[in-house]
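Structure record follows, encoded as structure tokens.
Readers should treat all values here as calculations from the given coordinates under stated rules, not as data from a laboratory. Here the structure is a predicted model, which is why all the values come from computation and not from measurement. Glycine gets a Cβ as well: all are built from the backbone with ideal geometry, and neighbour counts include every protein chain shown.
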Amino acid sequence: MKQVVLDALNKQINREMYSSNLYLSMSAYYASINLSGFAKWMEIQAAEEMMHAMKFYHFLLQRGGKPIIGAIAEPPAVWDSPVKAFEDAYHHETLVTGWIYDCVAIARSENDYATENLLQWFVNEQVEEEATALEIVEKLKLANNNPQIILMMDAQLGQRATAPVSAGATT
Ligand code: FEO
């Protein structure tokens, strides 16, 4: 693998791990305000992000590259409101999409078709991740702090199933 591609993917491993910690921190925040459904949703999201990191990790190993596990920045621990945390989650996903696109551009410029192919999975995944987070943000805005609606959403989000172990790892 070209060094520039290796560096870009290692940077992305770090970002996916940060994403995982960010969502785990959001999960802890929601748990602290007794929104256990939101907390569960975020905990599952944190696990998915770690799978994303591992997908890059295993790809690097397969290609003879060395994954670098560097320091991960500390995520925020508190948010002003349930909607604010989800707004941050949505905003973060838009950043991730930009980073994935940057990786695609680097892979393409180096004619690294295998990396570009791997990244296509992430391009598609980001469409879903952004849409899901935005839908929840919009619903929370509609709820306008109405506790009944927020509790209904909490019950709904609490039904999120754990992603199958293979999702993100082999698909
Ligand atoms: Fe791994 Fe939510 O992007």
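The charge dipole of segment 1-104, taken about its Cα centre with unit charges on the Cβ atoms of Lys, Arg (+1), Asp and Glu (-1) only, comes to about 460 debye. Remark on segment 3-157: Rg and Dmax equal 16.9, 54 Å (Cα only).
Just how many pairs of Lys in segment 3-157 have C-alpha atoms closer than 20 Å, counting pairs that are eight or more places apart or on different chains? Lysine pair count for segment 3-157: 7. Farthest towards the positive end of the charge dipole of segment 1-90, among the residues G70, M1, I13, is the Cα of M1, using unit charges on the Cβ of Lys, Arg, Asp and Glu.
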